[in-house]
1. Just one of the numbered conditions (1) in contact with a strand residue (DSSP E or B) (Cβ under 9 Å, 6 or more places away or on another chain); (2) surrounded by 17 or more Cβ atoms within 10 Å (Cβ to Cβ) is not true of residue 93; which one?
2. For residue 330, which of the numbered conditions (1) crowded, with 18+ Cβ neighbours inside 10 Å; (2) at pLDDT below 80 fails to hold?
3. Of all residues in the range 258-271, which are in a helix (DSSP H, G or I) and either in contact (Cβ under 8 Å) with a residue 60 or more places away in the chain or under 19 Å from residue 246 (Cβ atoms) (or both)?
4. Would you check if residue 34 is at pLDDT 90 or above and either within 12 Å of the chain's Cα centre (by Cα) or under 22 Å from residue 308 (Cβ atoms) (or both)?
5. Scan the range 130-171 for residues that are crowded, with 22+ Cβ neighbours inside 10 Å, out of contact with any strand residue (DSSP E or B) (no Cβ under 6 Å at 6 or more places or on another chain) and not in a helix (DSSP H, G or I) and jot them down.
6. Yes or no: residue 81 surrounded by fewer than 19 Cβ atoms within 10 Å (Cβ to Cβ), without any contact (Cβ under 8 Å) to a residue 40 or more places away in the chain and touching a helix residue (DSSP H, G or I) at 6+ places or on another chain (Cβ under 9 Å)?
7. Looking only at the range 198-220, count how many residues are surrounded by 14 or more Cβ atoms within 10 Å (Cβ to Cβ) and in a helix (DSSP H, G or I).
8. Please state which of the following conditions residue 245 fails to meet, knowing it meets all the rest: (1) in contact (Cβ under 8 Å) with a residue 40 or more places away in the chain; (2) in contact with a helix residue (DSSP H, G or I) (Cβ under 6 Å, 6 or more places away or on another chain); (3) not in a helix (DSSP H, G or I).
(Lines give C-alpha, C1' and ligand atoms only; values in the text may rest on other atoms or scores of the structure.)
Protein backbone atom coordinates (compact mmCIF):
# COMPACT_ATOMS: atom_id res chain seq x y z
CA UNK A 1 0.00 0.00 0.00
CA UNK A 2 1.38 3.39 -0.96
CA UNK A 3 1.94 5.81 1.92
CA UNK A 4 -1.26 7.70 2.70
CA UNK A 5 0.37 11.12 2.37
CA UNK A 6 1.16 10.35 -1.25
CA UNK A 7 -2.55 10.52 -2.10
CA UNK A 8 -2.33 14.32 -2.04
CA UNK A 9 -3.79 15.92 -5.20
CA UNK A 10 -1.19 17.12 -7.72
CA UNK A 11 -1.67 19.25 -10.87
CA UNK A 12 -1.51 17.17 -14.05
CA UNK A 13 0.47 19.82 -15.94
CA UNK A 14 3.90 18.59 -14.80
CA UNK A 15 2.97 15.00 -15.64
CA UNK A 16 1.92 15.98 -19.16
CA UNK A 17 5.07 18.01 -19.75
CA UNK A 18 7.41 15.27 -18.52
CA UNK A 19 5.61 12.77 -20.74
CA UNK A 20 5.98 15.07 -23.73
CA UNK A 21 9.68 15.70 -23.06
CA UNK A 22 10.67 12.06 -22.60
CA UNK A 23 7.93 9.92 -24.14
CA UNK A 24 9.11 10.46 -27.71
CA UNK A 25 8.50 6.84 -28.76
CA UNK A 26 5.56 4.55 -28.10
CA UNK A 27 7.80 2.28 -26.01
CA UNK A 28 9.09 5.11 -23.83
CA UNK A 29 5.61 6.58 -23.46
CA UNK A 30 4.28 3.22 -22.26
CA UNK A 31 7.21 2.81 -19.85
CA UNK A 32 6.68 6.31 -18.40
CA UNK A 33 2.95 5.67 -17.89
CA UNK A 34 3.46 2.17 -16.44
CA UNK A 35 1.89 1.77 -13.01
CA UNK A 36 0.69 5.38 -12.80
CA UNK A 37 -2.97 4.72 -13.60
CA UNK A 38 -3.04 7.88 -15.72
CA UNK A 39 -5.14 7.37 -18.85
CA UNK A 40 -5.27 9.19 -22.19
CA UNK A 41 -8.69 10.49 -21.16
CA UNK A 42 -7.18 12.11 -18.06
CA UNK A 43 -4.32 13.57 -20.08
CA UNK A 44 -6.82 15.24 -22.44
CA UNK A 45 -8.87 16.71 -19.59
CA UNK A 46 -7.61 20.26 -18.77
CA UNK A 47 -9.33 20.14 -15.36
CA UNK A 48 -7.96 16.75 -14.27
CA UNK A 49 -5.70 16.27 -11.26
CA UNK A 50 -3.62 13.28 -10.25
CA UNK A 51 -2.21 12.16 -6.93
CA UNK A 52 1.27 12.80 -5.64
CA UNK A 53 1.69 9.02 -5.74
CA UNK A 54 1.06 9.01 -9.49
CA UNK A 55 3.56 11.84 -10.01
CA UNK A 56 6.12 9.98 -7.92
CA UNK A 57 5.61 6.79 -9.92
CA UNK A 58 6.17 8.70 -13.16
CA UNK A 59 9.41 10.12 -11.74
CA UNK A 60 10.57 6.59 -10.88
CA UNK A 61 9.83 5.47 -14.43
CA UNK A 62 11.67 8.38 -16.06
CA UNK A 63 14.69 7.93 -13.78
CA UNK A 64 14.83 4.23 -14.71
CA UNK A 65 14.96 5.21 -18.40
CA UNK A 66 17.23 8.27 -18.31
CA UNK A 67 19.07 8.25 -14.98
CA UNK A 68 18.76 10.38 -11.85
CA UNK A 69 19.87 13.49 -13.75
CA UNK A 70 16.82 13.39 -16.05
CA UNK A 71 15.43 16.87 -15.07
CA UNK A 72 18.66 18.45 -16.33
CA UNK A 73 18.03 17.07 -19.83
CA UNK A 74 14.76 18.94 -20.42
CA UNK A 75 15.08 22.77 -20.35
CA UNK A 76 11.38 22.94 -21.22
CA UNK A 77 10.67 21.91 -17.63
CA UNK A 78 12.43 25.02 -16.34
CA UNK A 79 10.23 27.45 -18.27
CA UNK A 80 7.88 29.65 -16.21
CA UNK A 81 4.97 28.43 -18.34
CA UNK A 82 5.44 24.92 -16.90
CA UNK A 83 4.37 26.34 -13.52
CA UNK A 84 1.06 27.77 -14.71
CA UNK A 85 -0.18 30.99 -13.06
CA UNK A 86 2.65 30.74 -10.50
CA UNK A 87 5.25 31.11 -13.24
CA UNK A 88 3.29 33.81 -15.06
CA UNK A 89 2.93 35.88 -11.88
CA UNK A 90 6.66 35.51 -11.21
CA UNK A 91 7.61 36.70 -14.69
CA UNK A 92 5.16 39.63 -14.67
CA UNK A 93 6.00 40.73 -11.09
CA UNK A 94 7.32 44.28 -10.69
CA UNK A 95 10.57 43.32 -8.94
CA UNK A 96 12.63 40.45 -7.48
CA UNK A 97 11.02 40.84 -4.05
CA UNK A 98 7.51 40.34 -5.41
CA UNK A 99 8.59 37.37 -7.53
CA UNK A 100 10.07 35.62 -4.48
CA UNK A 101 7.02 36.47 -2.35
CA UNK A 102 4.72 34.89 -4.96
CA UNK A 103 6.65 31.62 -4.68
CA UNK A 104 6.54 31.76 -0.87
CA UNK A 105 2.80 32.52 -0.68
CA UNK A 106 1.40 30.44 -3.52
CA UNK A 107 3.93 27.72 -4.33
CA UNK A 108 1.89 25.05 -2.51
CA UNK A 109 -1.00 25.61 -4.94
CA UNK A 110 1.13 24.05 -7.69
CA UNK A 111 3.40 21.84 -5.55
CA UNK A 112 1.51 20.35 -2.59
CA UNK A 113 4.56 18.48 -1.31
CA UNK A 114 6.18 21.58 0.25
CA UNK A 115 5.44 24.84 2.01
CA UNK A 116 7.72 27.86 1.55
CA UNK A 117 8.65 30.70 3.87
CA UNK A 118 10.74 33.83 3.48
CA UNK A 119 13.40 35.15 5.87
CA UNK A 120 14.83 38.62 5.25
CA UNK A 121 18.03 39.93 6.80
CA UNK A 122 20.11 43.06 6.24
CA UNK A 123 22.48 41.27 3.88
CA UNK A 124 20.82 37.99 2.85
CA UNK A 125 17.29 36.82 2.15
CA UNK A 126 16.48 33.12 2.25
CA UNK A 127 13.55 31.19 0.78
CA UNK A 128 13.08 27.98 2.79
CA UNK A 129 11.18 24.93 1.53
CA UNK A 130 9.73 22.52 4.08
CA UNK A 131 8.66 19.12 2.77
CA UNK A 132 5.08 18.36 3.86
CA UNK A 133 4.57 14.93 2.26
CA UNK A 134 6.24 11.60 2.90
CA UNK A 135 8.20 11.46 -0.35
CA UNK A 136 11.53 9.69 -0.74
CA UNK A 137 14.54 11.72 -1.79
CA UNK A 138 14.48 10.17 -5.27
CA UNK A 139 11.00 11.68 -5.71
CA UNK A 140 11.35 15.16 -4.24
CA UNK A 141 14.93 15.96 -5.30
CA UNK A 142 14.16 16.10 -9.07
CA UNK A 143 11.15 18.36 -8.45
CA UNK A 144 13.24 20.60 -6.19
CA UNK A 145 15.98 20.76 -8.84
CA UNK A 146 13.41 21.91 -11.40
CA UNK A 147 12.03 24.51 -8.97
CA UNK A 148 15.48 25.88 -8.14
CA UNK A 149 16.52 26.09 -11.79
CA UNK A 150 13.26 27.87 -12.67
CA UNK A 151 13.64 30.41 -9.83
CA UNK A 152 17.28 31.02 -10.78
CA UNK A 153 16.24 31.63 -14.39
CA UNK A 154 13.65 34.19 -13.25
CA UNK A 155 16.19 36.05 -11.12
CA UNK A 156 18.80 35.96 -13.90
CA UNK A 157 16.30 37.42 -16.38
CA UNK A 158 15.54 40.37 -14.10
CA UNK A 159 19.22 40.97 -13.28
CA UNK A 160 20.18 40.59 -16.95
CA UNK A 161 23.05 38.31 -15.95
CA UNK A 162 23.94 35.16 -13.99
CA UNK A 163 22.94 35.47 -10.29
CA UNK A 164 26.39 34.29 -9.16
CA UNK A 165 25.86 35.25 -5.52
CA UNK A 166 22.84 32.98 -5.15
CA UNK A 167 23.36 29.92 -2.97
CA UNK A 168 21.28 26.74 -3.27
CA UNK A 169 20.83 24.25 -0.44
CA UNK A 170 19.65 20.65 -0.85
CA UNK A 171 18.60 18.60 2.17
CA UNK A 172 20.07 15.39 0.76
CA UNK A 173 23.48 13.79 0.20
CA UNK A 174 25.42 14.89 -2.86
CA UNK A 175 24.25 12.82 -5.87
CA UNK A 176 26.49 11.50 -8.64
CA UNK A 177 25.09 14.10 -11.04
CA UNK A 178 26.01 17.04 -8.76
CA UNK A 179 28.53 18.38 -11.34
CA UNK A 180 25.69 18.72 -13.87
CA UNK A 181 23.56 20.51 -11.26
CA UNK A 182 26.38 22.96 -10.55
CA UNK A 183 26.89 23.50 -14.28
CA UNK A 184 23.35 24.93 -14.36
CA UNK A 185 22.87 26.49 -10.90
CA UNK A 186 26.46 27.63 -10.39
CA UNK A 187 29.25 26.51 -8.09
CA UNK A 188 27.53 27.63 -4.87
CA UNK A 189 25.39 24.51 -4.37
CA UNK A 190 25.40 22.90 -0.93
CA UNK A 191 24.26 19.33 -0.23
CA UNK A 192 23.51 17.80 3.16
CA UNK A 193 21.84 21.03 4.34
CA UNK A 194 19.22 21.09 7.14
CA UNK A 195 16.55 22.18 4.64
CA UNK A 196 16.07 22.96 0.97
CA UNK A 197 16.59 26.68 0.49
CA UNK A 198 17.69 29.49 -1.81
CA UNK A 199 19.73 32.41 -0.44
CA UNK A 200 20.25 35.67 -2.34
CA UNK A 201 21.52 39.16 -1.51
CA UNK A 202 18.79 41.29 0.07
CA UNK A 203 19.87 44.20 -2.14
CA UNK A 204 18.54 42.31 -5.17
CA UNK A 205 14.96 42.48 -3.87
CA UNK A 206 14.62 46.09 -4.97
CA UNK A 207 15.73 45.41 -8.57
CA UNK A 208 12.90 46.31 -10.96
CA UNK A 209 11.89 43.77 -13.60
CA UNK A 210 12.03 44.79 -17.28
CA UNK A 211 9.24 42.24 -17.87
CA UNK A 212 6.83 43.77 -15.34
CA UNK A 213 3.26 43.70 -16.60
CA UNK A 214 0.66 44.91 -14.10
CA UNK A 215 -2.32 43.53 -16.02
CA UNK A 216 -0.81 40.09 -16.57
CA UNK A 217 0.42 39.97 -12.97
CA UNK A 218 -3.03 40.82 -11.60
CA UNK A 219 -4.70 38.14 -13.74
CA UNK A 220 -2.21 35.45 -12.69
CA UNK A 221 -2.37 36.52 -9.04
CA UNK A 222 -6.15 36.38 -9.19
CA UNK A 223 -5.93 32.78 -10.41
CA UNK A 224 -3.61 31.88 -7.54
CA UNK A 225 -5.81 33.61 -4.97
CA UNK A 226 -8.89 31.86 -6.33
CA UNK A 227 -7.10 28.51 -6.14
CA UNK A 228 -6.08 29.19 -2.55
CA UNK A 229 -9.64 30.23 -1.67
CA UNK A 230 -11.00 27.04 -3.24
CA UNK A 231 -8.64 25.02 -1.10
CA UNK A 232 -9.76 26.88 2.02
CA UNK A 233 -13.52 27.10 1.44
CA UNK A 234 -16.26 24.52 1.87
CA UNK A 235 -16.89 24.19 -1.87
CA UNK A 236 -13.15 24.01 -2.40
CA UNK A 237 -12.86 21.33 0.25
CA UNK A 238 -15.50 19.26 -1.50
CA UNK A 239 -13.57 19.57 -4.76
CA UNK A 240 -10.37 18.56 -2.98
CA UNK A 241 -12.08 15.48 -1.54
CA UNK A 242 -13.48 14.54 -4.94
CA UNK A 243 -10.06 14.95 -6.60
CA UNK A 244 -8.42 12.96 -3.80
CA UNK A 245 -10.86 10.08 -4.21
CA UNK A 246 -10.51 10.15 -7.99
CA UNK A 247 -6.72 10.01 -7.77
CA UNK A 248 -6.60 6.75 -5.80
CA UNK A 249 -4.84 4.01 -7.79
CA UNK A 250 -6.86 1.36 -5.92
CA UNK A 251 -8.86 0.83 -2.74
CA UNK A 252 -10.83 3.46 -0.87
CA UNK A 253 -10.46 5.80 2.07
CA UNK A 254 -12.40 6.18 5.29
CA UNK A 255 -13.67 9.56 6.48
CA UNK A 256 -10.88 9.68 9.07
CA UNK A 257 -8.26 9.05 6.36
CA UNK A 258 -9.79 11.69 4.09
CA UNK A 259 -9.75 14.25 6.91
CA UNK A 260 -6.12 13.51 7.72
CA UNK A 261 -5.00 13.81 4.09
CA UNK A 262 -6.96 17.02 3.53
CA UNK A 263 -5.49 18.45 6.73
CA UNK A 264 -8.64 19.04 8.80
CA UNK A 265 -10.34 17.30 11.70
CA UNK A 266 -13.05 14.75 10.96
CA UNK A 267 -15.60 17.07 12.56
CA UNK A 268 -14.52 19.97 10.32
CA UNK A 269 -14.63 17.72 7.27
CA UNK A 270 -18.20 16.65 8.02
CA UNK A 271 -19.34 20.22 8.72
CA UNK A 272 -17.77 21.80 5.64
CA UNK A 273 -18.91 19.05 3.31
CA UNK A 274 -22.42 19.51 4.69
CA UNK A 275 -22.17 23.22 3.92
CA UNK A 276 -21.23 22.25 0.36
CA UNK A 277 -24.23 19.92 0.11
CA UNK A 278 -22.46 16.57 0.39
CA UNK A 279 -21.31 13.91 2.82
CA UNK A 280 -18.04 12.01 2.84
CA UNK A 281 -19.73 8.60 2.52
CA UNK A 282 -21.80 9.94 -0.37
CA UNK A 283 -18.71 11.16 -2.23
CA UNK A 284 -16.82 7.91 -1.62
CA UNK A 285 -19.81 5.90 -2.84
CA UNK A 286 -20.17 8.04 -5.97
CA UNK A 287 -16.52 7.58 -6.88
CA UNK A 288 -16.67 3.82 -6.26
CA UNK A 289 -19.73 3.59 -8.50
CA UNK A 290 -18.01 5.53 -11.28
CA UNK A 291 -14.89 3.36 -11.09
CA UNK A 292 -16.91 0.13 -10.95
CA UNK A 293 -18.89 1.17 -14.04
CA UNK A 294 -15.74 2.01 -15.96
CA UNK A 295 -13.91 -1.20 -14.99
CA UNK A 296 -16.90 -3.39 -15.85
CA UNK A 297 -17.31 -1.80 -19.25
CA UNK A 298 -13.59 -2.10 -19.99
CA UNK A 299 -13.93 -5.86 -19.47
CA UNK A 300 -10.24 -6.35 -18.61
CA UNK A 301 -10.81 -7.58 -15.04
CA UNK A 302 -12.98 -10.29 -13.54
CA UNK A 303 -15.72 -9.34 -11.10
CA UNK A 304 -13.60 -10.57 -8.19
CA UNK A 305 -10.63 -8.50 -9.39
CA UNK A 306 -12.81 -5.39 -9.69
CA UNK A 307 -14.10 -5.93 -6.15
CA UNK A 308 -10.51 -6.15 -4.90
CA UNK A 309 -9.49 -3.08 -6.92
CA UNK A 310 -12.25 -1.08 -5.22
CA UNK A 311 -11.32 -2.24 -1.73
CA UNK A 312 -14.08 -4.80 -1.15
CA UNK A 313 -12.70 -7.74 0.83
CA UNK A 314 -16.03 -9.58 0.61
CA UNK A 315 -17.34 -10.20 -2.94
CA UNK A 316 -20.92 -10.39 -1.65
CA UNK A 317 -20.59 -6.82 -0.35
CA UNK A 318 -19.51 -5.71 -3.81
CA UNK A 319 -22.49 -7.54 -5.36
CA UNK A 320 -24.89 -5.76 -3.01
CA UNK A 321 -23.27 -2.43 -3.89
CA UNK A 322 -23.70 -3.18 -7.61
CA UNK A 323 -27.39 -3.98 -7.13
CA UNK A 324 -27.81 -0.68 -5.29
CA UNK A 325 -25.91 1.25 -7.98
CA UNK A 326 -27.14 -0.45 -11.13
CA UNK A 327 -30.27 -2.34 -10.06
CA UNK A 328 -29.09 -5.69 -11.45
CA UNK A 329 -25.44 -6.06 -10.53
CA UNK A 330 -23.76 -4.48 -13.54
CA UNK A 331 -24.04 -1.34 -15.67
CA UNK A 332 -25.78 -1.36 -19.00
CA UNK A 333 -23.45 -1.79 -21.99
CA UNK A 334 -22.70 1.13 -24.28
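The values are calculated or read from the model by the stated rules, or taken from the named source; none is laboratory data. Predicted, not measured: the structure shown is a model, and the values here were computed from it. All Cβ positions, glycine included, derive from the backbone under ideal geometry; neighbour counts span all protein chains shown.
1. (1)
2. Every listed condition holds for residue 330 apart from (1).
3. Taking the range 258-271 first, the residues in a helix (DSSP H, G or I) are 258-262, 266-271.
Answer for the range 258-271, where residues must be in a helix (DSSP H, G or I) and either in contact (Cβ under 8 Å) with a residue 60 or more places away in the chain or under 19 Å from residue 246 (Cβ atoms) (or both): 258, 259, 260, 261, 262, 269.
4. Details: at pLDDT 90 or above: yes; either within 12 Å of the chain's Cα centre (by Cα) or under 22 Å from residue 308 (Cβ atoms) (or both): yes.
Answer is yes for this residue.
5. Selection gives 135, 163.
6. Values: surrounded by fewer than 19 Cβ atoms within 10 Å (Cβ to Cβ): yes; without any contact (Cβ under 8 Å) to a residue 40 or more places away in the chain: yes; touching a helix residue (DSSP H, G or I) at 6+ places or on another chain (Cβ under 9 Å): yes.
Criteria met by residue 81.
7. 7
8. Only one criterion in (1) in contact (Cβ under 8 Å) with a residue 40 or more places away in the chain; (2) in contact with a helix residue (DSSP H, G or I) (Cβ under 6 Å, 6 or more places away or on another chain); (3) not in a helix (DSSP H, G or I) is unmet by residue 245, namely (3).
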